[in-house]
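Before any comments, here is the structure.
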Amino acid sequence: MKGKSVLILFIALFLVSACRNSSKNSSEFVFPEADSVPVGEAEKLSAEAIADISRNIASPVEIANLLQTLSVPFSPDYLASSVDANNQPTAFDKALALGILGADLGYLNMYEKTGTSINILSDIRKLAEGLKVGQFFDFEALKKLSLNKSNLDSLLFLSIDSYNQIDKYLRENDRGHLSALMIIGVWLEGQHLATQVARQYPDPILKDRIGEQKIILNDLIMLASPYCTRDSEFDSLCKYLQDIKEKYREIKITYTLGEPVSVEKNGGLVVEQTETSNVEMTDAQLAAITEVTRNIRDRLVINN
């Protein structure tokens, strides 16, 4: 698959077997209470959490690849078509929309919907310029690559590089709250895509990937926690994330260690520990997660 050579898209991305961190030494993941972490500690951990998320969460490209494997047809109904780049008045709105549209762009590119992806690129450009980070996008190159379906890998690489530079720039210039918003926007849109597809095309693999987001969600809550009292917009967003977390509370995830395997990295062999996950999630729990995700995502993408 073309996109497999690129595992991270748009800084914080979507759907992985697991983000394990401290739970790796335990056979069963215990959902920690992010609310109980002191704000000062959360601020110190934010950069590390961003790095962990970037390393461990696969991209919207991978969910799109999974959907193609399952013969799920492309649907424009999954896209955040109501997002108007000209009607995002605050930096909060712009950063969140930049993440949401970034996830949509990955989905469109994997299905080779070049016409629509160019329109989204135009919106991304406006949002980036509004945040004064437009210098990190080579929009003409991205546009040309979008029109050339044979250059998908190059398109993905350039997109990754652009978003990574934005993330680095924002965090180094005391605008980490905007970086967190982009990350949350990508995750939320990817979660919406996955849950809506699972509702129409039920599949156990996709269901497991959605269940595993319980782990990632806790990292996102950690990222947002230093800013929850920043203003009313962040306060609402933090409450939304807690609403989703509540629907995940009773879901259980366990891991089984497998045999170590040797993989080639940077010209050498590296031994990696393999493991498989087991997600215990009922259809009713999945339906609740799907509903709360849709409601929150729709509130955030529909302009007032």
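The values are calculated or read from the model by the stated rules, or taken from the named source; none is laboratory data. Small disclaimer: the values here were computed from a predicted structure and weren't measured. Note that we place each Cβ from the backbone using ideal geometry, even for glycine, and neighbour counts take in every protein chain shown.
Per-residue answers, yes or no, for (1) of a type in the set (Gly, Ala, Ser); (2) out of contact with any Pro (no Cβ under 7 Å at 6 or more places or on another chain):
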site	(1), (2)
Ser225	yes, yes
Leu237	no, yes
Gln242	no, yes
Tyr248	no, yes
Lys252	no, yes
Leu269	no, yes
Gln273	no, no
Checklist outcome for this item: When restricted to Asp167, Asp174, the only residue of a type outside the set (Ser, Thr, Tyr), outside any helix (DSSP H, G or I) and modelled with pLDDT under 90 is Asp174
Next on the checklist: When you check Thr229 against the structure, is it closer than 28 Å to Val301 by Cα and in a loop (DSSP other than H, G, I, E, B), yes or no?
Outcome noted: yes
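Taking the residues in region 253-280 that are of a type in the set (A, V, I, L, M, F, W, C) and within 21 Å of the chain's Cα centre (by Cα) as candidates, determine which candidate is surrounded by the most Cβ atoms within 10 Å (Cβ to Cβ). Spell out how you get there, then give the answer.
So the first thing to find is which residues in region 253-280 are of a type in the set (A, V, I, L, M, F, W, C), and the list is 253, 257, 261, 263, 269-271, 279.
Right, trim to within 21 Å of the chain's Cα centre (by Cα) and you get 253, 279.
Values: Ile253: 22, Val279: 20.
Residue satisfying both the conditions and the ranking: Ile253.
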Next on the checklist: I'd like the full set of residues that are surrounded by fewer than 21 Cβ atoms within 10 Å (Cβ to Cβ) and closer than 12 Å to Thr290 by Cβ, limited to region 199-216.
Outcome noted: Arg199, Gln200, Pro202, Lys207
Item to check | Selection within region 164-221 - of a type in the set (Asp, Glu), in contact (Cβ under 8 Å) with a residue 24 or more places away in the chain and more than 19 Å from Tyr248 (Cβ to Cβ) | outcome: Asp167, Asp203
Checklist outcome for this item: Flagged pairs (Cβ under 8 angstrom, 6 or more apart or on separate chains; first in region 225-247, over 20 Å from Val292 (Cβ atoms); second surrounded by 13 or more Cβ atoms within 10 Å (Cβ to Cβ) and polar (S, T, N, Q)) are Pro226/Ser46
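Let's see how each residue does on (1) buried (at least 16 other Cβ atoms within 10 Å of the Cβ); (2) modelled with pLDDT under 60:
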{"position": "Ser36", "(1), (2)": "no, yes"}
{"position": "Ala49", "(1), (2)": "yes, yes"}
{"position": "Asp84", "(1), (2)": "no, no"}
{"position": "Tyr107", "(1), (2)": "yes, no"}
{"position": "Arg125", "(1), (2)": "yes, no"}
{"position": "Val133", "(1), (2)": "yes, no"}
{"position": "Asp138", "(1), (2)": "no, no"}
Checklist outcome for this item: Over region 246-304, the set of residues at pLDDT 95 or above and touching an Asp or Glu at 6+ places or on another chain (Cβ under 6 Å) is Val292
